[in-house]
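Engineer: One structure, pasted below without further comment.
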Amino acid sequence: GAVVSQHPSWVICKSGTSVKIECRSLDFQATTMFWYRQFPKQSLMLMATSNEGSKATYEQGVEKDKFLINHASLTLSTLTVTSAHPEDSSFYICSGRTGLINEQFFGPGTRLTVL
Amino acid sequence: AQSVAQPEDQVNVAEGNPLTVKCTYSVSGNPYLFWYVQYPNRGLQFLLKYITGDNLVKGSYGFEAEFNKSQTSFHLKKPSALVSDSALYFCAVTDTGNTPLVFGKGTRLSVIA
């Protein structure tokens, strides 16, 4: 199956700093990337959808100036959490979809802890 | 708008017994249905999917699910549970596959030896 990687797998940062999370599709071209957020013992909530070369579409309630998403190539998308605060601590999971088949492939997730 | 309901937060089953994790869905068009499993501090692992065809879908690790259009359900089943099946299970749906997957809240399965 298609493989998606995320880096880093976990990160701890101080409040007020920015953190960048990379999501790569290793063996397919992801025309669309999705970013999800998962709080402890809760479901995955879609944050945004991005198509390669276009601006991301954010879900209602997600601050686009705080969660910057870039999808500059068919194999790489990044999520930057700007001026992170403790309430941003969460598990972030990316997902890629190729235009050929309607299936999403998920990365292993990144656990962000903001002190 | 599409939605998924997993009515049980927790399912407990004895090892060797059959297990069922329930899922119902709501979509405007034809549903694309998925089951994923998540172990602690890990990402999602794909179990199985229904796109079209046979209503009974067989997936990884001996799991299967039955698509029931009239009841809008896609329950996950396994004939004989293993302790290693203990994890968090998510049902997800998209309509025609062009919209992002929407997930249920998850069901924690606990298999007791």
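Computed from the coordinates by the stated procedures, all read-outs in this text should not be read as laboratory data. None of the values given here were measured: they were computed from a predicted structure. Every residue, glycine among them, receives a Cβ derived from its backbone with ideal geometry; neighbour counts consider all protein chains shown.
Engineer: Restricting the count to DSSP beta bridges whose residues both fall in segment B:11-113, what percent are antiparallel, rounded to a multiple of 5?
Structural biologist: Among the beta bridges of segment B:11-113, antiparallel pairing accounts for roughly 90 percent.
Engineer: Over segment B:53-108, what is the mean sequence separation of C-alpha contacts under 8 Å (at least six apart), divided by residue count, expressed as relative contact order in percent? Before the final figure, lay out each step's value.
Structural biologist: Details: 59 pairs, mean separation 11.8, N = 56.
About 21 percent, as a whole number.
Engineer: Go through B:Val111, A:Thr57, A:Ser9 and say which Cα lies farthest out towards the positive end of the charge dipole of the protein assembly as shown; charges sit on Cβ, +1 for Lys and Arg, -1 for Asp and Glu.
Structural biologist: Going by the charge dipole, the pick is A:Ser9.
Engineer: What average count of beta carbons from other chains do you get within 10 Å of the Cβ of residues in A:104-112? Mind showing how you got there, number by number?
Structural biologist: On the way: counts 10, 2, 7, 2, 5, 5, 1, 1, 0.
Per residue, the number of nearby Cβ atoms from other chains is 4 on average.
Engineer: Using C-alpha positions alone, give me the convex hull volume of segment B:20-109 per residue in cubic angstrom.
Structural biologist: On the way: hull volume 8.5 nm³, N = 90.
Measuring per residue, one finds 94 Å³ for the Cα hull of segment B:20-109.
Engineer: When only C-alpha pairs under 8 Å and at least 6 residues apart count, what is the relative contact order of segment A:5-115, in percent?
Structural biologist: 37
Engineer: Determine the relative contact order of chain B: mean sequence separation of Cα pairs under 8 Å and six or more apart, normalised by residue count, in whole percent.
Structural biologist: Once divided by the residue count of chain B, the mean separation gives 38 percent.
Engineer: Same structure, new question: What three numbers, in Å, describe the spread of the alpha carbons of the protein assembly as shown along their principal axes, ordered from the longest?
Structural biologist: 50, 37, 31
Engineer: Now a separate question. Given the options A:Cys13, A:Cys94, A:Cys23, state which has the largest fluctuation in a GNM of chain A using a 10 Å cut-off (strictly under) for Cα springs.
Structural biologist: Answer for the Gaussian network model of chain A: A:Cys13.
Engineer: Counting partner chain Cβ atoms within 10 Å of every residue's Cβ in B:44-52, what's the average? Working shown, then result.
Structural biologist: Values: counts 11, 2, 6, 0, 0, 2, 0, 3, 0.
Whole-number average of other-chain Cβ neighbours for B:44-52 is 3.
Engineer: Excluding A:Lys41 itself, calculate the net charge of residues whose Cβ lies under 15 Å from the Cβ of A:Lys41, where each Lys or Arg counts +1 and each Asp or Glu counts -1.
Structural biologist: +3
Engineer: Follow-up question, since we're still on this one. Using a Gaussian network model of chain A whose springs link C-alpha atoms within less than 10 Å, name the residue from A:Gln42, A:Gln104, A:Gln60 with the highest mean-square fluctuation.
Structural biologist: A:Gln42
Engineer: I'd like to know which of A:Val19, B:Asn98, B:Gly16 lies farthest towards the positive end of the charge dipole of the protein assembly as shown, counting +1 on Cβ of Lys and Arg and -1 on Cβ of Asp and Glu.
Structural biologist: So the residue we want is A:Val19.
Engineer: Provide a whole-number value for the mean count of partner chain Cβ atoms within 10 Å of the Cβ atoms in peptide B:36-42.
Structural biologist: 3
Engineer: Please report Rg (one decimal) and Dmax (integer) in Å for the Cα set of chain A.
Structural biologist: Every Cα atom of chain A included, Rg and Dmax give 13.2, 42 Å.
Engineer: Treating only the Cβ of Lys, Arg, Asp and Glu as charged (+1, +1, -1, -1), what charge dipole size does the protein assembly as shown show about its Cα centre? Round to the nearest 20 debye.
Structural biologist: Here the size comes out at about 220 debye.
Engineer: Separate question: Please report the net charge: other residues with Cβ closer than 13 Å to the Cβ of A:Ile12, K and R +1, D and E -1.
Structural biologist: +1
Engineer: Under a straight-distance cross-link criterion of Cα-Cα below 16 Å, which aspartates and glutamates are reachable from B:Lys78, leaving out those fewer than 8 residues away in the same chain?
Structural biologist: Excluding near neighbours in sequence, the set is B:Glu15, B:Glu64, B:Glu66.
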